[in-house]
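Below is one structure, written out as structure tokens, with a few remarks after it.
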């Protein structure tokens, strides 16, 4: 068996070496540059979002039986083609949902400090109520921040009892956070969901956050809006046409990053673990490797609070684990010299809130950090 895996999948060797017996080969590849010749005799192909898996890539391969993507998005996979060839396909839904939600929380903490507003007075509109939108709503609830969710597909699902609202109502919120896949057609397309018309209806004081797919916002219309003097504050992690970026738009953003919102160590590694478990099931082998045994201890693994939890303490805790300004600075100063893909490939290790245990000596401890995702004793 020959297993090809994206070189940026953390712990891939540790997980899949468990399956390397007899004549099995485990071979890494560069995701953006994968060619039909490289996958010619692969039995298993494990990718991330930058690799298009379709007939153009696999037409020379007669061996492939399993394709997996260590991502929540699947728009880079031609699932109909794989189904026609009877190739088993797995993705990793929800693997980096916590990471993306914590990116949004970090961005809000930074902007609250920058513009001196009270986070608890905000209303947040979440576009997309799947894994990521749900994790974000849980963290907002922990902080006492009001939110509304728009998701017409889930709104019609009988088992989802949440209250959903229209897109128009979500777009009236103080903060708009986008968490939908790229969908080109069908009843609910998301390509240019936030188009010129919807952008023109935004208010100067609103905050627009995009951490899903770049094509959900019409980037050229957004640039024209900002050039006209509109005051909407932008947090952009994703860009139309990646790895190419509409670079003039960067200057109009509050926070700009290289599609790394989901790039916590835990988030990326969960994707690897999920594909390992799926492949074990596919070849009828009991999985034995677990992520919990591979993750290192965080550089700061425990904190004791000695005062009542408030927005200042929140600011300190969040930035201690993940300060999004680091990634913004890297993007602004190194994009032109390093390139978009290199920034992602060489992304510095970042942990999730759960890597830090929070205790308190304060009698009236609120428990908010634990509801936010920090570990308890």
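Coordinate-derived values only; no laboratory data. Quick caveat: nothing in here was measured; it's all calculated off a predicted structure. Neighbour counts run over all protein chains shown; Cβ positions are idealised from the backbone, glycine included.
The angle between the Cα long axis of helix 97-115 and the main principal axis of the chain comes to about 30°, on a 0 to 90 degree scale.
Full extension of the chain between residue 184 and residue 299 yields a length gain of 37.2 nm, computed as 0.36 nm times the residue separation minus the alpha carbon distance. Using just its DSSP H runs of length 4 or more, each adding -39500 (n - 2.57), the chain gives a mean residue ellipticity at 222 nm of -9000 deg cm²/dmol after division by all residues. How far is helix 265-282 tilted off the main Cα axis of the chain, in degrees rounded to 10, range 0 to 90? It is inclined by approximately 30 degrees. Contact order for region 302-372, expressed relative to its length and based on alpha carbon pairs under 8 Å spaced 6+ residues apart, stands at 63 percent.
Site pair residue 337 and residue 141 shows an inter-label distance of 4.6 nm when each label is modelled 7 Å from Cα along Cα→Cβ.
Full extension of the chain between residue 361 and residue 120 gives 84.3 nm of extra length, using 0.36 nm per residue less the Cα-Cα distance.
Compute the relative contact order of region 196-277 as a whole-number percentage, counting only Cα pairs closer than 8 Å that sit 6 or more residues apart in sequence. Could you put the intermediate results ahead of the total?
Values: 95 pairs, mean separation 23.7, N = 82.
In percent, rounded to a whole number, it is 29.
How would you rank 117, 353, 164, 331, going from fewest to most other Cβ atoms within 10 Å of each one's own Cβ?
Values: 117 15, 353 26, 164 19, 331 23.
Fewest-to-most ranking of 117, 353, 164, 331: 117, 164, 331, 353.
How much length would be gained if the chain were fully extended between residue 17 and residue 285, taking 0.36 nm per residue of separation minus their Cα-Cα distance, in nm to one decimal? Each step should come with its number before you reach the end.
On the way: separation 268, 0.36 × 268 = 96.48 nm, distance 1.32 nm.
That pair, residue 17 and residue 285, stretches by 95.2 nm at full extension.
With an 8 Å Cα cut-off and a minimum separation of 6 or more residues, compute the relative contact order for the chain in percent. Intermediate values should be presented prior to the final figure.
Working: 680 pairs, mean separation 58.6, N = 377.
With pairs under 8 Å counted, the relative contact order is 16 percent.
For the options 361, 106, 49, a Gaussian network treatment of the chain with springs between C-alpha atoms closer than 10 Å singles out 361 as fluctuating the most. Does anyone have the angle between helix 311-321 and the longest principal axis of the chain? Alpha-carbon axes, 0 to 90°, nearest 10? Helix 311-321 sits at roughly 20 degrees to that axis. Residue exposure proxy: 237, 78, ordered by other Cβ atoms within 10 angstrom of their Cβ from fewest to most, comes out as 78, 237. This structure gives volume of the Cα convex hull per residue in Å³, computed directly, and of (1) 309; (2) 154; (3) 169 that value is listed as (2).
Separation between the residue 85 and residue 227 pseudo-spin-labels, each 7 Å from Cα along Cα→Cβ, expressed in nm? Going by the 7 Å Cα→Cβ label model, 4.3 nm.
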